[in-house]
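Right, one structure below, let's go through it.
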Amino acid sequence: MSQITHEPPDRQLLTLEVNGEAHEVLVESRRTLVDVLRHDLGLTGTHVGCEHGICGACTVLIDGAPARACLTFAAQAEGSAVETVESLDGGGGGSAPGRRLSDLQQAFTEHHALQCGFCTPGFLMLAEGHLAEQPAPSREEIREVVAANLCRCTGYQTIVDAIEDCAARRRAATSEEGPCN
Amino acid sequence: MKPAPFTYHRARDLDGATRLLVELEAREEDPKVLAGGQSLVAMMNFRLARPAHLVDIGRLDCLRGIHTDADGALHLGALTTHHQVERAPAELLGRGHAVLRDAMRWVGHLPIRTRGTVGGSLAHADATAEWCLLATLLDAELVVHGGGGRRRVPAAEFFLGYYTTALGADELLTEVVFPREAPHAALTEFAQRHGDFATVAAAVDLELAADGRTVCGGRVALGGVAALPVRVPEAEAVLARGDTAGDALFAACGQAAAEAVDPPSDDAGSAGYRRRLARTLVVQACEEAFAR
């Protein structure tokens with residue numbers, strides 16, 4: 001009879017910067033970023049859909065750029081700044097009930113850009129990443145970008161409306177402030 | 001699904017990475033290089049790939065970046081992301097290489113392009129991948145480091161078949177070099193869903209005479225019609241006839257390409273369907289290349 005040996009799994013002690021806070025985790029090397037966020041850090045706002053990069057439910061920002069947290073091992077994210085949907089904040093304080101939606105979340109609500117909401121965290125982070133790079137996107141550009149993620153409820157029109165509206169409001173707010181104020 | 005267990009190694013420098021690959025390969029430990037992971041991690045999650053060791057080269061910043069050398073050749077570091085090429089300013093990536101920038105919109109979606117790398121795509125060698133097609137079209141050279149030192153492999157000798165390249169298991173792709181400008185080149189493709197791997201992809205590089213209207217030569221490359229991206233000499237012969245650019249010439253070029261290839265049949269399309277796509281896409285690529 002052959003002897004069965006169980007090698008201990010390869011693990012990594014990682015320091016991950018998530019939403020501006022440093023977290024230390026000891027996880028198996030094969031742990032993806034999305035699983036560390038959800039299971040080790042308890043940040044369940046980031047959703048898991050397909051686990052092969054098609055659906056976009058797990059989209060987070062890595063160093064400001066939208067990325068698939070299911071296609072990134074947590075070890076790869078060490079040394080980078082990770083932002084999840086929990087980072088979106090419209091003020092009102094912490095995680096208390098008084099905390100308000102961010103302007104983008106508010107726009108999603110106003111435009112009915114979600115129904116079941118499963119894909120929404122991914123769309124929000126995708127949009128934040130794109131607007132950070134392109135504050136004045138055309139409607140066509142927004143359509144191209146949101147094609148990255150799957151939504152089976154809305155038909156996308158309202159998501160495009162919400163992102164377009166939020167971008168326009170941000171631009172209006174910036175120009176009112178003016179460069180010298 | 002979740003990936004199978006593996007041992008993770010983070011490379012600190014290029015020599016360390018190649019030494020580790022040589023060592024693991026010598027022990028038959030089945031190492032695999034991890035760059036952006038946008039193909040590899042998906043395959044590992046599906047358990048289509050189960051490497052025992054991953055060598056993560058993501059921190060080797062020396063492999064990142066775009067520059068043009070004194071001879072006018074464009075160098076892309078292996079870890080340069082698709083998105084960096086897509087957003088490269090004109091002083092880094094001029095008009096002569098604009099085809100590379102414009103082709104990036106076909107690579108997956110934005111969150112894939114921000115992580116996926118040029119070198120990773122070439123080393124993965126999907127037969128429909130944009131970088132493999134561009135490298136084949138434009139005679140790129142791939143710079144490889146390994147136990148045997150450094151070597152440059154022409155694209156024509158790099159791709160060997162489905163997901164198969166001339167890279168040794170103990171070798172690392174560090175750079176791709178596009179030796180010359182291609183101001184009248186274009187890539188186009190068709191996929192059943194936006195952002196998917198192409199069913200067929202076509203790329204054309206036209207040589208125009210001084211009058212700007214006469215086509216005096218050119219190159220035609222297709223992806224998705226064979227186990228690796230292929231040049232199509234029959235279609236290139238049509239471009240070399242010295243005809244005036246226009247519908248008649250481009251249609252003849254597309255027809256020659258469709259007749260020359262012997263594509264596979266699978267879920268994405270039958271051989272006949274792919275042949276018709278090849279014809280249509282070559283014509284489109286010719287038109288776009290000429291319009292530049």
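The values are calculated or read from the model by the stated rules, or taken from the named source; none is laboratory data. All values reported here derive from a predicted model rather than from experimental measurement. With ideal geometry, Cβ positions are generated from the backbone for all residues, glycine too; neighbour counts draw on all protein chains shown.
Please find, among B:ASP30, B:ASP71, B:ASP56, the residue that is modelled with pLDDT of 95 or more and charged (D, E, K, R). Spell out the reasoning first.
Values: B:ASP30 fails: modelled with pLDDT of 95 or more; B:ASP71 fails: modelled with pLDDT of 95 or more.
When all the criteria are applied, what remains is B:ASP56.
Failed condition for B:ALA169, given (1) in contact with a helix residue (DSSP H, G or I) (Cβ under 8 Å, 6 or more places away or on another chain); (2) closer than 24 Å to B:ALA278 by Cα; (3) surrounded by fewer than 19 Cβ atoms within 10 Å (Cβ to Cβ), with all others met?
Condition (2) is where B:ALA169 drops out.
Within segment B:83-106, take every residue that is hydrophobic (A, V, I, L, M, F, W, C) and surrounded by fewer than 18 Cβ atoms within 10 Å (Cβ to Cβ) and give me the one that is nearest to the chain's Cα centre (by Cα).
B:LEU92
Looking only at segment B:40-63, how many residues end up being more than 30 Å from B:MET1 (Cα to Cα) and either among the hydroxyl-bearing types (Ser, Thr, Tyr) or within 13 Å of chain A (Cβ to nearest Cβ) (or both)?
So the count comes out to 1.
Identify all residues within segment B:255-276 that are touching a Ser or Thr at 6+ places or on another chain (Cβ under 7 Å) and in contact (Cβ under 8 Å) with a residue 24 or more places away in the chain; write none if there are none.
Once the filter is applied, which keeps residues that are touching a Ser or Thr at 6+ places or on another chain (Cβ under 7 Å) and in contact (Cβ under 8 Å) with a residue 24 or more places away in the chain, segment B:255-276 yields B:ALA268, B:GLY269, B:ARG274.
Can you tell me which residue is surrounded by the most Cβ atoms within 10 Å (Cβ to Cβ) among those in segment A:19-35 that are more than 9 Å from chain B (Cβ to nearest Cβ) and under 26 Å from B:GLN84 (Cβ atoms)? Spell out the reasoning first.
We begin by selecting, within segment A:19-35, every residue more than 9 Å from chain B (Cβ to nearest Cβ); these are A:19-27, A:33-34.
Still in the list and also under 26 Å from B:GLN84 (Cβ atoms): A:19-20, A:33-34.
Details: A:ASN19: 19, A:GLY20: 9, A:LEU33: 28, A:VAL34: 25.
Checking each candidate, the answer is A:LEU33.
Here is a list of conditions, (1) surrounded by fewer than 24 Cβ atoms within 10 Å (Cβ to Cβ); (2) part of a loop (DSSP other than H, G, I, E, B); (3) within 13 Å of chain B (Cβ to nearest Cβ); (4) touching a helix residue (DSSP H, G or I) at 6+ places or on another chain (Cβ under 6 Å), and A:GLN12 meets all of them except one; can you say which number that is?
Evaluating A:GLN12 over (1) surrounded by fewer than 24 Cβ atoms within 10 Å (Cβ to Cβ); (2) part of a loop (DSSP other than H, G, I, E, B); (3) within 13 Å of chain B (Cβ to nearest Cβ); (4) touching a helix residue (DSSP H, G or I) at 6+ places or on another chain (Cβ under 6 Å) leaves (2) as the failure.
Using the structure shown, decide if A:THR120 is in contact (Cβ under 8 Å) with a residue 12 or more places away in the chain, among the polar types (S, T, N, Q) and touching a Phe, Trp or Tyr at 6+ places or on another chain (Cβ under 9 Å). Please lay out each step first, then the result.
Numbers: in contact (Cβ under 8 Å) with a residue 12 or more places away in the chain: yes; among the polar types (S, T, N, Q): yes; touching a Phe, Trp or Tyr at 6+ places or on another chain (Cβ under 9 Å): yes.
Answer is yes for this residue.
Collect the residues in segment B:57-82 that are crowded, with 21+ Cβ neighbours inside 10 Å and assigned to a helix (DSSP H, G or I), keeping them in residue-number order.
If the condition is that a residue be crowded, with 21+ Cβ neighbours inside 10 Å and assigned to a helix (DSSP H, G or I), then B:LEU63, B:HIS82 are the ones that fit.
Kindly indicate which of B:ALA260, B:ALA256, B:ALA271 is within 14 Å of B:VAL204 (Cα to Cα) and either within 20 Å of the chain's Cα centre (by Cα) or at pLDDT 95 or above (or both).
Sole residue among the options that is within 14 Å of B:VAL204 (Cα to Cα) and either within 20 Å of the chain's Cα centre (by Cα) or at pLDDT 95 or above (or both): B:ALA256.
Of all residues in segment B:31-67, count the ones that are over 24 Å from A:LEU13 (Cα atoms) and of a type in the set (Asp, Glu).
Number of matching residues: 0.
Being more than 14 Å from chain A (Cβ to nearest Cβ), among the small types (Gly, Ala, Ser), assigned to a helix (DSSP H, G or I) and more than 15 Å from B:LEU187 (Cα to Cα) is the filter here, so list the residues in segment B:91-120 that pass it.
So the first thing to find is which residues in segment B:91-120 are more than 14 Å from chain A (Cβ to nearest Cβ), and the list is B:91-101, B:103, B:118-119.
Restricting the remaining residues to those that are among the small types (Gly, Ala, Ser) gives B:94, B:96, B:98, B:103, B:119.
Among the residues that remain, those that are also assigned to a helix (DSSP H, G or I) are: B:96, B:98, B:103, B:119.
Within segment B:91-120, B:GLY119 is the sole residue that qualifies.
Go through (1) within 28 Å of B:HIS9 (Cα to Cα); (2) modelled with pLDDT under 95 one by one and return the number of the condition B:THR81 breaks.
Condition not satisfied by B:THR81: (2).
Mind checking whether some residue in segment B:238-261 is on the phi < 0 side of the Ramachandran plot, outside any loop (DSSP other than H, G, I, E, B), surrounded by fewer than 22 Cβ atoms within 10 Å (Cβ to Cβ) and basic (Lys, Arg)?
There is no residue in segment B:238-261 that is on the phi < 0 side of the Ramachandran plot, outside any loop (DSSP other than H, G, I, E, B), surrounded by fewer than 22 Cβ atoms within 10 Å (Cβ to Cβ) and basic (Lys, Arg).
What number of residues in segment B:167-203 are within 14 Å of another protein chain (Cβ to nearest Cβ) and among the hydroxyl-bearing types (Ser, Thr, Tyr)? Working first, answer last.
Step one: list which residues in segment B:167-203 are within 14 Å of another protein chain (Cβ to nearest Cβ), which gives B:191-197.
Then drop every residue that is not among the hydroxyl-bearing types (Ser, Thr, Tyr), which leaves none.
Total meeting the criteria: 0.
What are the residues in segment A:88-104 that are among the small types (Gly, Ala, Ser) and surrounded by fewer than 18 Cβ atoms within 10 Å (Cβ to Cβ), if any?
Here is the first cut: in segment A:88-104, the ones among the small types (Gly, Ala, Ser) are A:90-96, A:98, A:102.
Within segment A:88-104, A:GLY90, A:GLY91, A:GLY92, A:GLY93, A:GLY94, A:SER95, A:ALA96, A:GLY98 meet the criteria.
Would you mind telling me which numbered condition in (1) in a loop (DSSP other than H, G, I, E, B); (2) buried (at least 21 other Cβ atoms within 10 Å of the Cβ) B:PRO264 fails?
For B:PRO264, the failing item is (2).
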